[in-house]
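Structure first, then comments.
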Amino acid sequence: MNRPSRRTDGRHVVIATRLFAPEVSAGAFRLAALARALTERRATVKVLTTTPPPTAPESDARVPGLEISRFPVLRDAGGNVRGYAQYLSFDIPLVFRLLFSRFDLAIAEAPPTTGAIVAVLSALRRRPFAYYAADVWTDGVAAIGAPKAVVAAMRALEGFTMRRASTVLSISDEVTARIGEFGVARERIATIGNGVDTGVFTPDGRSASAEHPYFVYTGTMSEWQGADVFVRAMPIVRARFPHVRLRFFGQGSAEEHLRRLAAQEAPDAVSFGGVIPPTEAATWIRGAVAALVSITPGLGYDFARPTKTYAAAACGTPVVFAGSDASSGAALVREHGLGLHAAFTPDAVAEAMIELLDHHGSAAAERERARRADWIERNASLGAVGAAAADAVLRPLS
């Protein structure tokens with residue numbers, strides 16, 4: 001457990017987020033880690049969030065000093081709070097929920113509409129607020145081909161929110177640079193890193209039992225991630241390894257497209273397991289030849305370092321990262337030996353997958369598993385990230 005760096009007895013913190021544990025998403029886990037770290041610093045924390053979908057695992061045990069207030073919202077067909085109507089179903093009630101909440105500090109997460117509401121109400125209450133920028137929301141909106149007017153409106157809201165925050169939390173140097181382009185003062189940006197729960201994602205523990213070797217893709221399947229490159233690579237891989245499989249776990253806007261493509265390209269080799277708890281995801285990652293991660297080049301998301309890379313490496317499993325050679329995700333994998341980087345083409349991806357299949361189970365591969373997990377434990381623990389975030393957002397209250 002991280003030791004509190006300061007006492008904040010009597011301080012009331014409110015966190016406004018559409019996603020919170022036990023809902024399965026990287027954002028939900030980041031906010032939960034921040035909430036726990038704040039309570040360790042003797043703050044009283046109230047989370048204003050949503051009722052989780054039926055796919056969410058059971059809630060964890062209660063944390064002293066932490067209150068979670070849930071409210072039902074609209075979700076899309078995949079169970080996500082994603083889309084204009086879905087965001088509004090959270091944001092409109094949030095106005096009244098915040099008005100009747102006591103707080104000395106407010107913390108907001110994306111989308112920027114939520115951040116703008118928290119910014120305005122914090123100003124009315126003359127209280128500081130922090131904004132958790134795991135990425136730049138406008139880049140994602142532009143990447144999916146939203147109308148220019150929508151992109152412009154979102155960019156204005158995002159800039160408005162971040163420039164008025166007492167602290168903006170960033171998960172990487174690349175995201176910090178993008179935040180600075182919105183005119184945010186550098187001293188207000190805290191680069192705290194990204195991480196995973198190394199108590200769940202660990203090389204030790206049960207591995208999923210499977211009849212054939214497999215690759216695994218976990219988490220969100222969105223347009224800008226371009227996971228279809230792995231499906232297109234499967235026929236090439238299976239020409240050398242006829243029994244290999246590809247398993248998807250998670251959900252997202254691109255899932256139906258991936259299902260249709262899989263039925264065409266490799267109908268007997270690709271499966272979709274839906275949303276599963278992190279503990280179960282870890283068993284599938286441990287047993288995989290490699291975990292698959294991708295970022296479609298040229299859509300404005302090349303700065304991203306997907307959390308699924310850290311989760312795989314924490315289990316000791318190598319990553320096949322498909323994306324631009326200049327992308328941050330590729331650099332992360334190359335510089336720290338977390339797996340292989342491949343150009344964003346089916347041929348290049350298949351070559352990387354075949355290389356890992358050739359070495360799977362060897363003594364050298366096993367040594368690399370331990371080294372990867374150790375690097376994550378020392379550099380990307382979710383507990384350490386939560387502690388850094390708590391210290392940063394509390395600084396204006398000192």
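Every read-out reported here was derived from the displayed coordinates using simple, explicitly stated rules and does not represent laboratory data. Treat the numbers as computed from the prediction; the structure is a model and nothing was measured. Neighbour counts are summed over all protein chains in view; Cβ atoms, including those assigned to glycine, are modelled from backbone coordinates with ideal geometry.
Considering the dipole of region 177-244 built from charges on the beta carbon (Lys and Arg +1, Asp and Glu -1) around the Cα centre, which of Trp224, Ser209, Asn194 is farthest to its positive end?
Projecting each Cα onto the dipole axis, the largest value belongs to Trp224.
Give me the dipole magnitude in Debye, nearest 20, for the chain about the Cα centre, with unit charges on the beta carbon: positive for Lys and Arg, negative for Asp and Glu.
1580
I'm checking a number: the convex hull volume of the Cα atoms of region 264-325, normalised per residue, in Å³. What is it?
On the way: hull volume 8.1 nm³, N = 62.
Per-residue hull volume (Cα only) is 130 Å³.
Rounded to the nearest Å, what's the spacing between the alpha carbon centres of region 130-154 and region 45-88? Just the number, please.
22
Would you mind working out the magnitude of the charge dipole of region 1-125 relative to its Cα centre, with +1 at each Lys and Arg C-beta and -1 at each Asp and Glu C-beta, to the nearest 20 Debye?
The calculated dipole for region 1-125 is roughly 440 debye.
When the Kirkwood radius is taken over all Cα pairs of region 137-187, what Stokes-Einstein diffusion coefficient follows at 10 °C and 1.306 mPa s, in µm²/s? All intermediate terms of the calculation are to be shown ahead of the outcome.
On the way: Rh = 11.5 Å.
It comes out at roughly 138 µm²/s.
Mind checking which of Leu338, Ala281, Ile354 is farthest towards the positive end of region 214-379's charge dipole, using Cβ charges of +1 (Lys, Arg) and -1 (Asp, Glu) about the Cα centre?
So the residue furthest toward the plus end is Ala281.
As a check on your grasp of the helix formula, calculate [θ] at 222 nm for the chain: sum -39500 (n - 2.57) over DSSP H runs of n ≥ 4, divide by the residue count, round to the nearest 500.
That comes out to -13500 deg cm²/dmol.
Compute the Kirkwood hydrodynamic radius of region 223-268, taking the inverse of the mean of 1/r over all pairs of distinct Cα atoms, and give it in Å to one decimal.
Numbers: mean 1/r = 0.0903 Å⁻¹.
Taking the inverse mean of 1/r over all distinct Cα pairs, region 223-268 comes out at 11.1 Å.
Taking H as built 1.01 Å from N, whose amide H comes closer than 5 Å to the amide H of Ile15, not counting residues under 5 places away?
Correct list: Lys46, Val47, Leu48, Ile107.
For region 214-379, what mean projected area does the convex hull of the alpha carbons give, in nm²?
8.7
Starting from the amide H of Thr218, placed 1.01 Å from N in the peptide plane, find each other amide H under 5 Å away whose residue is 5 or more places distant or on another chain.
Those qualifying (amide H under 5 Å, at least 5 residues apart or on another chain) are Phe249, Leu292.
So what's the convex hull volume per residue for the Cα atoms of the chain, in Å³?
131
Looking at region 213-349 only, what percent of DSSP beta bridges run antiparallel? Nearest 5 please.
Numbers: 0 of 18 bridges.
In region 213-349, approximately 0 percent of DSSP beta bridges are antiparallel ones.
Can you tell which of Ala266, Ala290, Phe182 lies farthest toward the positive end of the dipole of the chain, using +1 and -1 charges on the Cβ of basic and acidic side chains (Lys, Arg; Asp, Glu)?
Phe182
Taking the beta-carbon count within 10 Å as an exposure proxy, list Met162, Met353 from fewest neighbours to most. Write out the running numbers ahead of the final one.
Values: Met162 24, Met353 27.
Taking fewest neighbouring Cβ atoms as first place, the list is Met162, Met353.
Please compute, for the alpha-carbon atoms of region 191-301, the extent along each of the three principal axes and give them in descending order in Å.
Dimensions of region 191-301 along the principal axes of its Cα atoms: 40, 38, 22 Å.
Report, to the nearest 10°, how far helix 346-359 tilts away from the longest principal axis of the Cα atoms in the chain, using its own Cα long axis and a range of 0 to 90°.
Its long axis makes an angle of about 70 degrees.
Roughly how tilted is helix 112-125, in degrees to the nearest 10 and between 0 and 90, from the longest Cα axis of the chain?
The helix 112-125 is inclined about 20 degrees to the chain.
Any idea what the dipole of region 214-379 comes to, in debye rounded to 20, about its Cα centre with Lys/Arg Cβ at +1 and Asp/Glu Cβ at -1?
Rounded to the nearest 20 debye, it is 320 debye.
Can you tell me the orientation of helix 148-164 relative to the chain, as the angle in degrees between its alpha-carbon axis and the longest Cα principal axis, to the nearest 10?
Between the helix axis and the principal axis of the chain, the angle is about 60 degrees.
Taking a cut-off of 18 Å, what percent of all Cα-Cα pairs in region 104-234 are separated by more than that?
Result for the distance tail: 64 percent.
Applying a 10 Å radius around every beta-carbon, put 314-324, 281-291 in order of their mean neighbour count, most first.
Sorting 314-324, 281-291 by mean packing, highest first, produces 314-324, 281-291.
Region 15-72: which GluC sites (Glu not before Pro) are DSSP loop and have at most 14 other beta-carbon atoms within 10 angstrom?
Glu58
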